[in-house]
Structures are given as C-alpha cells and as structure tokens.
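The values are calculated or read from the model by the stated rules, or taken from the named source; none is laboratory data. Here the structure is a predicted model, which means the values were calculated and not measured. Note: ideal-geometry Cβ built from the backbone for every residue, glycine included; neighbour counts use all protein chains shown. Note: areas computed on protein heavy atoms with side chains; ligands, DNA, RNA excluded. Shrake-Rupley method; radii C 1.70, N 1.55, O 1.52, S 1.80 Å.
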2 protein chains.
Amino acid sequence: MAQLRLALAQADFTVGDLPANSEKVVALTHEAAAKGAHLVVFPEMALTGYPIEDLALRASFVAASRNAVEGLAVRLADEGLGDLTVIVGYLGQHDDQRAELGRPKGAPHNSAAVLHGGRVVTSYAKHHLPNYGVFDEFRYFVPGDTMQVVRVHGIDIALCICEDLWRDGPVTTARSANAGLLVVINGSPYERNKDDVRLELCAKGAAEAGCPLAYVNLVGGQDELVFDGDSIVVSPQGDVLARAPQFDETLLLADLALEAADPQASVAPESDYSGLRVEGTVVSREPVPAYDAMESTVAERLDDSAEIYQALVVGLRDYVRKNGFRSVLMGLSGGIDSSLTAVVACEAIGAENVYGVSNPSDYSSQHSKDDAAELARRTGLNFEAVPIAPIVEQFHKAVSLDGIAAENLQARIRAVIWMGLSNQHGHLVLACGNKSELAVGYSTIYGDAVGGFAPLKDLLKTQVWELARWRNAEAVGRGETPPIPQGVIDKPPSAELSPGQLDSDTLPDYGLLDDVLDDYIEHDRGSAELVQDGFDRELVERVLRMVDRAEYKRRQYPPGPKISIRNFGRDRRLPVTNAWREIAEG
Amino acid sequence: MAQLRLALAQADFTVGDLPANSEKVVALTHEAAAKGAHLVVFPEMALTGYPIEDLALRASFVAASRNAVEGLAVRLADEGLGDLTVIVGYLGQHDDQRAELGRPKGAPHNSAAVLHGGRVVTSYAKHHLPNYGVFDEFRYFVPGDTMQVVRVHGIDIALCICEDLWRDGPVTTARSANAGLLVVINGSPYERNKDDVRLELCAKGAAEAGCPLAYVNLVGGQDELVFDGDSIVVSPQGDVLARAPQFDETLLLADLALEAADPQASVAPESDYSGLRVEGTVVSREPVPAYDAMESTVAERLDDSAEIYQALVVGLRDYVRKNGFRSVLMGLSGGIDSSLTAVVACEAIGAENVYGVSNPSDYSSQHSKDDAAELARRTGLNFEAVPIAPIVEQFHKAVSLDGIAAENLQARIRAVIWMGLSNQHGHLVLACGNKSELAVGYSTIYGDAVGGFAPLKDLLKTQVWELARWRNAEAVGRGETPPIPQGVIDKPPSAELSPGQLDSDTLPDYGLLDDVLDDYIEHDRGSAELVQDGFDRELVERVLRMVDRAEYKRRQYPPGPKISIRNFGRDRRLPVTNAWREIAEG
C-alpha cells in the first residue's frame, strides 16, 4: 500500500469571476501544501463557477477559461507549488474545430484539468451530461469519450465528473483500469433529502471501482441553486474515511493508504472498456516517504430543518454578496413569511444590513403592527413604518377600483415604496412569498411579489411554520430570545387587504393544500392519481386549476433557493399559454 | 408515375387543448376530403400544440395524447373519412417501460401517427432532436431509431419530423428506401431571415431524397414563439410546386405525379441504412384513378417588414386569445414604442378592444400628450387620461426620494394604475419596451416593464422606427390615414421622467447602440471582436456592462414574440449572478 495525503477543497466560487476563482485555487493550494497534502482537488467548474449557462457558448469566455487554467498551472509552479498535483474543474473545449448545427466551432467540454510542474498535464471531459431537472448540459457541452487515469506518487488515479458517478460506464472502467483511487469532482446542488443518497451513491461507486472514492462538491449559492458541499471520502467497503461539514468552505484532508500501481506496468494498459477509451499519464512515480497518518474530520450531517435553514441563509448571502449588494429591504407585515425572511436575512448578512418596512393600511390589525415592531426589536434590524392610507385614497380619486383590484392596489403601493427606498439607498428588495402562495397564485404581481430574490420561494407554507418553530426552538436551546414572536406563528394567516380577511376564505387549509401541491408539483402526479390517493375530487380540481392558471405570475417572480426536488424555475418549466387541465374522472 | 392529391394543413393549434385540436384535425380533414385529397398532413405536435415543455414529462398528459390520437383515428372513420390517409404530429411514448435517471418510465417521443381505416397504422418517432437555441428536446424526448415508410395508393412515402431534415441520415435513408415522396412535418418558429433558408433547405432535401418533398408547418403564437407556416412542396429539381402564405391558416393542396413503388416489392426492402432502421407499412396498394390535376397556390413570401409586423400581430393575437383575454390595455406616452404597440394591438384584436391610458406628469411635454390623443383618434382605440401628479406628491410626503428613485416612482405609479384597471376590467396589460431598452436596462422594473405580454420585446429601437415608418407607408399606399402621427416618429426619444430628459443623455445614439447590441447579443461576439469590428473600445465596454448588469430585469420581463435569431428568453440564457465582464484589450 502507498500513502497519500489528499485535500478536497470544498469552496465557494463565483460564476464568471476567473481572476478571483484562480486566486482562491492558489490560496487553497498553499493551505493544502502547508498541511502536507500531495493532491488537491477542486470541484466541478471551480475555475468558472457553475452553472455558467450560455456563457459556455461564448467564444471569448471559452478562450478566457482555457487561458486561465494554463495561467493557473504556471502560477502554482511560480509560487513553489509545482510539486503538488492539483485537479480543477473548468470550461474546456473539444479539439474538433468543425462547427455544428446550434453549436460554435470547438464545442465546449465540462472538464477537469490535472496541473503539475507548471503545466496542464492532461484534461478529462465529462462523459455523462445530465439534461433533466435543473441541468441542461446537452445545450452546453459535448460529452468526452476518454477516461483519464493519472499516476501520482505511483498511485493510479481515475477521474470522473459528477453525473459520471450516477450512470453506467466510468466507474466500472476505473476498476478495469486498476485505479487505486477514484476522484469525482462535483457541482451537485442541494435538495431536501432525508435519506443519505449521496453517501449511498459514493459507497456504491467505491465498491464498484474497487478502490476508495473521493467526492468533492461546491458550496455556495448561484441564483436558484445552493451547493451544500458534503464532500466525502469513502472506502470500497463503504466506510466513511472523511466527510466535510455541509455548506461550509473547508479543506477536507484525508490520509489514505492506497493500492500502488505496478511500477513496471504502464498506466491503464488496455485502451478500451465498454465504449469508453482510457488514457494514462504519469505525473510522478515515486511513492510518498512513509509518514504518520492523522485523523480526518468526519462531520455529522445536519438534520432536516437545520439543512434547509442553512440553504436559505447561504443562498441569500451569496446572492447579495456576489451581486454587489450590502443590504436588503423587505416589507414586514407581521406575518409568518416576512418574519422568517427577516430572520434568515439577519443571519445571512447581519441585522444592521437588514431594513424592514411596515406599511399599515386601514385593514392592518393592531397585532400585526405590533408583531412587526416586536420582530424588529428582537432581531435588531432597522425598522420603519410608512402608512399607506393617504396614498390609497389618492389612487381611488384617480381611478375607480373595488374588490380584488382594490386589494391589489394596497399591495402594489407598498411595493412602490420598497422599490423607491431600494433605488434611493441601494438595498436589494426581498420578496417574502412561499411556494404554496406562488403555486396557487395567491399573491399580487408587482405587489408583494416584487424583489430581486425570494428566500422562501421553494418552501411550502407548512414548511415555513415548521422552520419558524425550529428556529425559535434553536434560540431557546442556546439560551437566546426566540426571534419570531409566538403570535406570528400561532395566528391564522391573512393578507389583511380587506376587513377581517383570512387566507382560509380563499384557500383550503394549508395542511391539505400542501399535500396536494406536493403530489402535483413535486411528484408530477395527475388528477386521477391524486383522487386515487384519497384526495377529494373537487379539491383536486380546484387546486390544480389555480396552479395551472398562475404560471404567468411565476414567470415574473424573482429567483429563490431550490430546496425541494422540484422548484419553480429550472426544475419545472411549463408554458404560460397552456389549455391542458387535469380533470379527475370518477 | 402515380397521381396523388396532397393536402398540407397549415393550422394553428393550442398547447394542451387536445379536444379542440382534435376537432380542428377532423374539420380540416373533412375540408380536404371535400376537395378530393388522398393524403392530409398536419404539422409537428399538432394534436398537443407545440412546444409543450414539461407537459411532456407528465404521465397523465402522455396518456391523454396517446388516447387522443387513437380516438381521432376512430372518429375520422366514424365520420366517413377512414379512406383518407392522415398524418398528424402528437406526443408519443417509447415502448421501453424502464425508468431512467431524470426520466419517467415510457420515455416520450415526438411522433407522427399515420391514421387510416379507423386506426393508427404506424407511428414515426423523430430521430434528430434539436437542443439549442429555443429548443430543449433532449429534456423531453428520446430519439427514434426507425424511419417509417408507408405505401399509400401504391406510392412509398417516407416520414421525417423537422430537425430530421436539417441533419444527416433520414433524408438519404428516404432515398435508399426508394421513397416516392418525403413528408416532413414541422414546428419551425419564425425568425427574421431575409434569405429564403427554408426553401433552400427543402430543395436540398428533395434533391437528396430523389423525390418531391412536402413540408408542412404550424402557424400561430405560443408564448415567445410565432410559427409562420410557409408550407412548401418542392420537386427534386428544386421547383416550387406549391407554397402557402405565411402566418395564415390554410389547406395547401398539391396535385403530384409521383414515382410508384414496384407493386411486387415489399415496402422498404432493406432494413438498415446508416444506423437508421427502416420499417415499411402498406396502407393501400391501388393507384388513384387518373384525374385532371389542378393548379396549386404558390404564395409569395412577405417582405422583411411585412413579415415582422405579421409576426407581432399573430403573436399578440394568439397570446390574447389562447389565454382567454378579450381586451388589452397599455400606457400611451406619445412615444414611438407605445404607439407602435397600440397599432399592432388594434390590428390583432380590433381597436374596440384596445385601451390606451395616458398618465401625464409634471414632466410630460404637451406634444406627447397631444400625440397620444391623436394616435387614439386615428386608430379608434379607447383612450383615457389619468394624471399622476397628485399621487406622486402623496408618495413624496411618505418617503424621501430623488434622482433615479424619483424618476422610477412616476413609472411605477403609472403601472399601478394600469394594473388596477386590468384587475378591475380584465384587460391584459401590454409592456411596450423594445429590445434595445431591455438590453441595456433602460426601463423601470415594475414600472413601464409591467405587463403580461410585450409585443416589441425582440425589436431593436431602430427596427421599431423602421416598422412604424413601414406601417404608415402601407396605410398611405392603401389610401388610409397613417396611424402613427409623424411627430411621434420624428421627435428625439425621451422617457420624460425629469425636466428636458432625452434618451441620448444616458445612452449612445440608437443607431450605434443597436449595431453593438446586434453583434454582442445576436452574434455572441466578445468585446475584443467588437473592437476589431471597428467599434470604439470605451463604447463597447460601456454598452456590454449595461447589458450584463440588466439580466435581473430581463428575468422578470413578460414574454414577447421572437423575431431575431437570438431573443431574450428561450434563446439567450445567462445567469443573473455573473461576474464575467467582457474587457476589450488594446
């Protein structure tokens, strides 16, 4: 067996920021070197950020990425890090310079570069491209057809990228190539997942490859996606050798004892396994001199609520930071949605950078006004009340509106005030809507729906309550004041746009509504199946009709962090013009 | 040679409306039968509408589509149309019932059914799936691997679907199978194209197939896409035998003299050509008794401006109609964008259903107020003026705003009024912005950007002027009053949100700006290339920076008809969080 100290750089990169991302790679490689690592691995598309969407199709960006990876290799060597082997994801390019329908010349690859001694020693192109859910990789990349095996300190290391681990071919090819270690670099976004699917997958991969598997993932937010890290090293027997804490930037170190390659044999002697070619490259033959192995971190996974909360915090924090904002502003109604949004915002960027505006109207209850102020007091955010009644009155003098038009008017006046303050002071406005509302269209477009980011967008109303209770309990557990006043959690939800209005006047009970939404949206079950599942036929038809008709509102809603297995946005893409209506028979 | 009267049903179908689409197929088949047709061909996905996006992934919808096509076959026979052969596009399903990663069991096909004698005789699954530009067919469909050749009245007819014609394989396979006619059903959206690419492609296909080619396309609008029809029958020598007028629903008839199949030989005797299997099915062997051929329509293509104008009209008309609206409302500022939008709306749904609202502020010029009223007078649309000064004042009492915040305030107050009237009266609000504004972010989000549809979204400002002039000239040519007051066209553009404001205070000259935008957006050229093209370096950097920073506004902008080769929306998909900045060197 041969020793190797592996460093998995679970880090947060910014889409398009090649200079800053290169800097981060250099800094983390210095840190890894200081800690005695021999191999440092960065996640999928670390150099470019991920996902880059149509930037992959712009020739200038492809060229910049290729230049950046070459420059990085030189830079690492210049800074005395040339002896380390560094694997980093970037936007590569196929050698074939023929243009193809819908594709520029030199089609892009989702690639992993192996850097050593001041140069790019070899590069692996992702073989299996995901094109479902939030992924559109057939739009952007051409698949690679060659597995790369690199011999580092006498150990043969096979490379995979993300989806390669999920499908047939690459992993078994690694075994055929007698790899001593399988390295998988990932851009695997968070989604709620109570079972430990990722570990299971890694353990299965290690067993199939017949060698330890090292899985490194991005952390941080990028528009709708939040990457949760959770990097893992697992033995072929399924033992977790190291595991990084979720959502945190960290350099995960693991001292491994690996099967050394036969020094007489060439790397990957056979050249073709089940359709995937194998290429071998020798980086270094000399084994690492024996050293005392240290213990690795094996972090516990967060529980379900903590995980969701952390995804919201990281998603918001990165959206704010990466888009150059310093502060956020939201309407504080005294309701549960704006209260939880405010608490998440305070956690993400500090209460001193959070601005809450209360806009009471004639229909606002005293308890709502009090609850908003009390939330502000408990969290320490900046609070201001701007009553809207005189403005409402002025609009009514100008145009004759009643019913829903008059209700929406109030919501839109509030939005005009928030956007005015945003333009005046540079705050990012947060939309506070939840997934249940957005699903059934129970929100005012250009009213409460305004904002640049919507932290709760992918949480059903019942999950909002659950998370609020969890957050308060956490505070109690830490001996702190619960941030959300109990009344906010306990009171029946209301938009307070007309006298005595309650959500339950218009919508089914949220418990029931969310069950239907979960089946229809997240599991794409049709109405007949929902009725089979035991839901009332009329309820199903009513809810599904509301969902189908609200598509136009969702199209104009701001992005928010994906939490569920199917979010509104990248995951679920339906036409606005759509006459299909699920009708339950029976 | 064998005779055949072919009917190409260039028609407008609605996404998701299986019953109405089936009705339309039946009605048009009756019409074709009455006109003596032997074969009636409907476009790609006619039965389901196109594109259906994630409806393709819903099992209930796939089942409904399959039932609808079976039901349609029975219905046609029941109505005495069973002797006709009908080819119709629908959502099919692969027989393989294994679930796959990211895909439900029984993966969807983009299919063409051949109906005859009360049943689905055979079905062809699209072989080449486009996954670029506005297309995402790898997300939705699995490719077919078998060409279908059907013998109808003794003539072997090969089937292709849209992209199959653009790529290698299917067309030459049709020749190998000795097809007497190649039928291509299409869902090919309009985009501006001065060269006659479609005809060129069809002629090339017919020459390669060695037989006449019949190309039938959808018409009508579906969210961002407008299908322009332009169905064509072309001989292998490249002669246009028939051509349908663009954008119109029409049954294009063509009397063809075709190579008959050898009656002794089986259909498609060889079973495998260049990776594509071939299956043959006999529908009918008896040749059509000799008859006198009639002359076919060969419509002229519209000129560039007429084509664009028609795309806007059809796109808007169908969005309104298919989403159940009866009227539209827009702000009329007296500017060129709202004026052209109003004229398009009047053409699309009748002036009596168009509501224009003028919202003068303290900064509105007298000529703008006059021009808005004059436009209303000339077109006959419903016109109302609602001054906003008292409301502006009331907001300023509530919050302290100046500069751009105060400018945006006015635009947002107008939007609140339009949305109030929309909610009160059921009008669809139209956003009047153009592509140049949307590109550089020169619009107020939740202000002039509000609306359910944006007719000019994909027209650069210079194209807006061009089209306005063209429309006025058309009116003069017909002896009518030009709808747009000349002053609207001639005056320098201004948002009129502050005293004496002109667009040119903030933006480069529109001629120059549009040239840069055309290069950067439609041709995806980087800054270095733009500078090479002769643009000033500072100008390029300034414009590109504005474009990159405005992505968040575009995400929340309503859909509008695609006109250019790369629209904002389905065609150009960039992250909001994106630190990549094109920097021109040199």
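Odds and ends about this structure:
- Residues of the range A:530-553 satisfying the condition of being within 11 Å of chain B (Cβ to nearest Cβ) and farther than 24 Å from B:A20 by Cα: A:L530, A:K553
- All of A:D145, A:D156, A:D168, A:D164 fail the test of being within 29 Å of the chain's Cα centre (by Cα) and more than 14 Å from every other protein chain (Cβ to nearest Cβ), apart from A:D145.
- Here B:L241 meets the list (1) in a loop (DSSP other than H, G, I, E, B); (2) surrounded by fewer than 24 Cβ atoms within 10 Å (Cβ to Cβ); (3) away from chain A (no Cβ under 14 Å) almost entirely, failing just condition (1).
- Applying the condition of being over 17 Å from B:I413 (Cα atoms) and of a type in the set (A, V, I, L, M) to the range B:351-370 and asking which residue is most open to solvent (accessible area, probe 1.4 Å) yields B:A351.
- So B:E480, is it surrounded by fewer than 21 Cβ atoms within 10 Å (Cβ to Cβ), of a type in the set (D, E), more than 14 Å from chain A (Cβ to nearest Cβ) and in a loop (DSSP other than H, G, I, E, B): yes
- Annotation for the range B:275-290: no member residue is within 14 Å of another protein chain (Cβ to nearest Cβ) and surrounded by 16 or more Cβ atoms within 10 Å (Cβ to Cβ).
- Among all residues of the range B:15-26, there is none that is of a type in the set (S, T, Y) and at pLDDT below 95.
- Only one entry in B:A398, B:A405, B:A373 is without any contact (Cβ under 8 Å) to a residue 24 or more places away in the chain, within 14 Å of B:G335 (Cβ to Cβ) and either open to solvent by 10 Å² or more (accessible area, probe 1.4 Å) or over 34 Å from the mean Cα position of the chain (by Cα) (or both), namely B:A373.
- Any hit, the range A:321-341, residues being open to solvent by less than 20 Å² (accessible area, probe 1.4 Å), within 13 Å of another protein chain (Cβ to nearest Cβ) and of a type in the set (D, E, K, R): no
- Within the range A:20-38, considering residues that are in contact (Cβ under 8 Å) with a residue 24 or more places away in the chain and open to solvent by 60 Å² or more (accessible area, probe 1.4 Å), the one farthest from the other protein chains (Cβ to nearest Cβ): A:K35
- Within the set B:Y442, B:Y446, the sole residue that is in contact with a helix residue (DSSP H, G or I) (Cβ under 8 Å, 6 or more places away or on another chain) and facing another protein chain (nearest Cβ under 8 Å) turns out to be B:Y446.
- Residue match in the range A:130-152 (condition: crowded, with 24+ Cβ neighbours inside 10 Å and of a type in the set (F, W, Y)): yes
- Tally of residues being open to solvent by 10 Å² or more (accessible area, probe 1.4 Å), among the hydroxyl-bearing types (S, T, Y) and more than 21 Å from A:V86 (Cα to Cα) across the range A:161-191: 2
- Screening A:R378, A:R414, A:R469 for residues that are open to solvent by 20 Å² or more (accessible area, probe 1.4 Å), in contact with a strand residue (DSSP E or B) (Cβ under 6 Å, 6 or more places away or on another chain) and farther than 22 Å from B:V576 by Cα leaves exactly one candidate, A:R414.
- Apart from one condition, A:V488 fits all of (1) away from every other protein chain (no Cβ under 14 Å); (2) assigned to a helix (DSSP H, G or I); (3) surrounded by fewer than 23 Cβ atoms within 10 Å (Cβ to Cβ); the exception is (3).
- Some residue of the range A:178-189 being modelled with pLDDT under 95 and not basic (K, R): yes
- Screening the range B:381-395 for residues that are at the interface with chain A (Cβ under 10 Å from one of its Cβ atoms) and buried (at least 17 other Cβ atoms within 10 Å of the Cβ) and picking the one that is farthest from A:P390 (Cα to Cα) gives B:V386.
- Taking (1) crowded, with 24+ Cβ neighbours inside 10 Å; (2) touching a Ser or Thr at 6+ places or on another chain (Cβ under 9 Å) in turn, B:I232 satisfies each apart from (2).
- Selection status of A:D318, out of contact with any helix residue (DSSP H, G or I) (no Cβ under 8 Å at 6 or more places or on another chain) and within 14 Å of chain B (Cβ to nearest Cβ): yes
- Selected residue [of a type outside the set (A, V, I, L, M) and over 30 Å from A:Y190 (Cβ atoms)] from A:G324, A:G275: A:G275
- Residue that is within 18 Å of B:W580 (Cβ to Cβ), of a type in the set (A, V, I, L, M) and more than 14 Å from chain B (Cβ to nearest Cβ), where the choices are A:L84, A:L72, A:L115, A:L55: A:L72
- For the range B:494-509, filtered to residues that are closer than 20 Å to B:E466 by Cβ and either polar (S, T, N, Q) or crowded, with 21+ Cβ neighbours inside 10 Å (or both), the residue that is farthest from the other protein chains (Cβ to nearest Cβ) is B:S504.
- At least 3 residues being in contact (Cβ under 8 Å) with a residue 60 or more places away in the chain is the threshold, and among the strands (runs of 3 or more DSSP E) wholly inside the range A:148-238 those reaching it are A:155-161, A:181-186, A:213-217, A:219-222, A:225-228.
- Unique residue being open to solvent by 40 Å² or more (accessible area, probe 1.4 Å) and outside any helix (DSSP H, G or I) when the list is A:D12, A:D83: A:D83
- Answer residue from the range B:542-586, given it is at negative phi and of a type in the set (G, A, S) and is most open to solvent (accessible area, probe 1.4 Å) among those: B:A579
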